[in-house]
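Asker: Starting off with a structure, shown below.
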Amino acid sequence: MQVAPARGYYSWQLNRLGRTTVDHFDKERRRFVGATALGVAIAHLGTAGTAAAYPVEAAPRAGHPQGATSFARTASVKAGVLEVGYAEDGPANGTPVILLHGWPYDIHSYVDVAPILAAKGYRVLVPYLRGYGSTRFLSPDTPRNGQQAALASDVVAFMDALKIDKAIVAGFDWGARTANIVAALWPERCKAMVSVSGYLIGSQALNEAPLPPKAELSWWYQFYFATDRGKAGYAKYTRDFARLIWEQASPKWRFDDATFQRSAQAFDNPDHVAISIDNYRWRLGLAHGERKYDALEAKLAKQPDITVPTITMEGDANGAPHPDPASYAKRFKGKYEHRLVPGGIGHNLPQEAPEAFAKAIVDVDRF
């Protein structure tokens, strides 16, 4: 889970809005209670035009008998320090779309999104992040580093390996942050972007300021992971831990056991625990990262603007820490739009509302 730049994000938002994200989430969840009317409310922000709204056809929810259970094909490719396992769908000559998952999820967050986009002619690529599924490090000597610049560099290496010059990038949670970084630092490689929960680029410096107790409580697992007990606990109870996060982050998502177990297999990756722990410790300054990423992190610490066409999204029942859209709209300097997805949609938006997510990809491509 965890989509915001940890504690630094909260300091920024609380100073700006004078309230906690938890309070904001409670208000928003009470406002949208129509779980049977799936639609998308679009709030145009930044450089976009007037507000509008339109219906979106209901799609099979994850775990529903009519939902997809697997991808059209899977493969792997050597890319940078990794052998990246990935799923693919659609024509080889279609516009590339790279879909990035979060923690603790996997590529099956997009199992219903991929065929929708493939049917529209897109080449859909869904890589396992480092530490997940069939993705493996090529060398046992490579640091099991989970810092944000490393994950973004993996995506660029993945594109290079597949000879993809430019792609639409999209994601949620870790995947949204990674997409943000690719769009900010390599805009020439990014045709457009869809980002759940908006602008998520952070830095260790931003994460130094303490937060009010309610905000800190939302990051309980981050502090747990900072301890040896937490590392051992996550290693021992990985699947139990992940299921708890799924339930907290998407309180209205009624996923079945088969849906969870399908994704949970990705956590059996031999580097999953090390990458997960390092990611959160890096945010708190407890892990130093690799020096080869210092220049990239220096750029990210300046909170760079994103200039590529962008649609940001949020579910109305997201139980994970996430920023208010008004707090990040100014970061997007190209054509920009924000969409709120009602109907009890939580943190794993692509899997909970695949039609809405796929439509955002198609629409941002038309920007």
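The values are calculated or read from the model by the stated rules, or taken from the named source; none is laboratory data. This is a predicted model, so every value here is computed, not measured. Here Cβ is always computed from backbone atoms with ideal geometry, including for glycine, and neighbour counts include all displayed protein chains.
Asker: Looking only at region 296-315, how many residues end up being in contact (Cβ under 8 Å) with a residue 12 or more places away in the chain and either of a type in the set (A, V, I, L, M, F, W, C) or in a loop (DSSP other than H, G, I, E, B) (or both)?
Answerer: 12
Asker: Which numbered condition in (1) within 14 Å of Ser197 (Cα to Cα); (2) buried (at least 24 other Cβ atoms within 10 Å of the Cβ) is the only one that Ala329 fails?
Answerer: (2)
Asker: I'd like to verify a number: residues in region 324-367 that are assigned to a loop (DSSP other than H, G, I, E, B) and of a type outside the set (Gly, Ala, Ser), how many?
Answerer: 9
Asker: Let me ask another. Within the bounds of region 87-97, is there any residue that is part of a loop (DSSP other than H, G, I, E, B) and modelled with pLDDT under 95?
Answerer: Taking every residue of region 87-97 in turn, none turns out to be part of a loop (DSSP other than H, G, I, E, B) and modelled with pLDDT under 95.
Asker: Does region 127-156 hold any residues that are aliphatic (A, V, I, L, M) and either part of a strand (DSSP E or B) or within 27 Å of Leu284 (Cα to Cα) (or both), and which are they?
Answerer: Leu129, Ala149, Ala150, Leu151, Ala152, Val155, Val156
Asker: Identify, please: which residue in region 256-268 is crowded, with 20+ Cβ neighbours inside 10 Å and in contact with a Gly (Cβ under 6 Å, 6 or more places away or on another chain) and is, among those, farthest from Val341 (Cα to Cα)?
Answerer: Ala266
Asker: Can you tell me which residue is surrounded by the fewest Cβ atoms within 10 Å (Cβ to Cβ) among those in region 223-239 that are under 21 Å from the mean Cα position of the chain (by Cα) and farther than 29 Å from Ala295 by Cβ?
Answerer: Among them, the one singled out is Phe223.
Asker: Could you say whether any residue in region 338-348 is within 16 Å of the chain's Cα centre (by Cα), among the β-branched types (Val, Ile, Thr) and over 30 Å from Arg243 (Cβ atoms)?
Answerer: Within region 338-348, not a single residue is within 16 Å of the chain's Cα centre (by Cα), among the β-branched types (Val, Ile, Thr) and over 30 Å from Arg243 (Cβ atoms).
Asker: Within region 149-188, how many residues turn out to be free of Cβ contacts under 8 Å to residues at least 40 places away in the same chain, over 19 Å from Gln303 (Cα atoms) and either touching a strand residue (DSSP E or B) at 6+ places or on another chain (Cβ under 8 Å) or of a type in the set (Asp, Glu) (or both)?
Answerer: 1
Asker: A further question on this structure: Of the numbered conditions (1) over 19 Å from Ala92 (Cα atoms); (2) at pLDDT 95 or above; (3) of a type outside the set (D, E, K, R), Gly202 fails exactly one; give the number of that condition.
Answerer: (2)
Conditions (1) on the phi < 0 side of the Ramachandran plot; (2) more than 20 Å from the chain's Cα centre (by Cα), marked per residue:
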position: Arg73; (1), (2): yes, yes
position: Val77; (1), (2): yes, yes
position: Val84; (1), (2): yes, no
position: Gly90; (1), (2): no, yes
position: Val97; (1), (2): yes, no
position: Trp103; (1), (2): yes, no
position: Asp106; (1), (2): yes, no
position: Tyr110; (1), (2): yes, no
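Asker: Let me ask you something else. Could you tell me whether Gln351 is modelled with pLDDT of 95 or more and under 26 Å from Val126 (Cβ atoms)?
Answerer: Judged against the criteria, Gln351 is a match.
Asker: May I pose another question? Taking the residues in region 183-203 that are in a strand (DSSP E or B) and β-branched (Val, Ile, Thr) as candidates, determine which candidate is nearest to the chain's Cα centre (by Cα).
Answerer: Only one residue tops the list, namely Val196.
Asker: Considering Gly102, Gly146, which residue is of a type in the set (Gly, Ala, Ser), touching a strand residue (DSSP E or B) at 6+ places or on another chain (Cβ under 8 Å) and crowded, with 22+ Cβ neighbours inside 10 Å?
Answerer: Gly102
Asker: Among Phe260, Phe241, which is touching a residue at least 40 places away in the same chain (Cβ under 8 Å) and in a helix (DSSP H, G or I)?
Answerer: Result: Phe241 is the single residue among Phe260, Phe241 that is touching a residue at least 40 places away in the same chain (Cβ under 8 Å) and in a helix (DSSP H, G or I).
Asker: Only one of these conditions is not met by Tyr105: (1) of a type in the set (Ser, Thr, Tyr); (2) outside any helix (DSSP H, G or I); (3) touching a Leu at 6+ places or on another chain (Cβ under 9 Å). Which number is it?
Answerer: Every condition holds for Tyr105 apart from (3).
Asker: When the residues of region 207-222 are filtered to those that are of a type outside the set (Phe, Trp, Tyr), part of a loop (DSSP other than H, G, I, E, B) and under 24 Å from His101 (Cα atoms), which remaining residue is farthest from the chain's Cα centre (by Cα)?
Answerer: Filtering region 207-222 for residues that are of a type outside the set (Phe, Trp, Tyr), part of a loop (DSSP other than H, G, I, E, B) and under 24 Å from His101 (Cα atoms), the one farthest from the chain's Cα centre (by Cα) comes out as Asn207.
Asker: Based on this model, can you work out whether Val124 counts as within 17 Å of the chain's Cα centre (by Cα), in a strand (DSSP E or B) and more than 29 Å from Arg283 (Cβ to Cβ)?
Answerer: So Val124 passes the test.
Asker: Something else: Would you mention how many residues in region 189-203 are touching a residue at least 40 places away in the same chain (Cβ under 8 Å) and either among the hydroxyl-bearing types (Ser, Thr, Tyr) or surrounded by fewer than 21 Cβ atoms within 10 Å (Cβ to Cβ) (or both)?
Answerer: Counting residues in region 189-203 that are touching a residue at least 40 places away in the same chain (Cβ under 8 Å) and either among the hydroxyl-bearing types (Ser, Thr, Tyr) or surrounded by fewer than 21 Cβ atoms within 10 Å (Cβ to Cβ) (or both) gives 5.
Asker: Now a separate question. Filtering region 157-182 down to residues that are in a helix (DSSP H, G or I), of a type in the set (Gly, Ala, Ser) and under 14 Å from the mean Cα position of the chain (by Cα), which residue is nearest to Gly85 (Cα to Cα)?
Answerer: Here the answer is Gly175.
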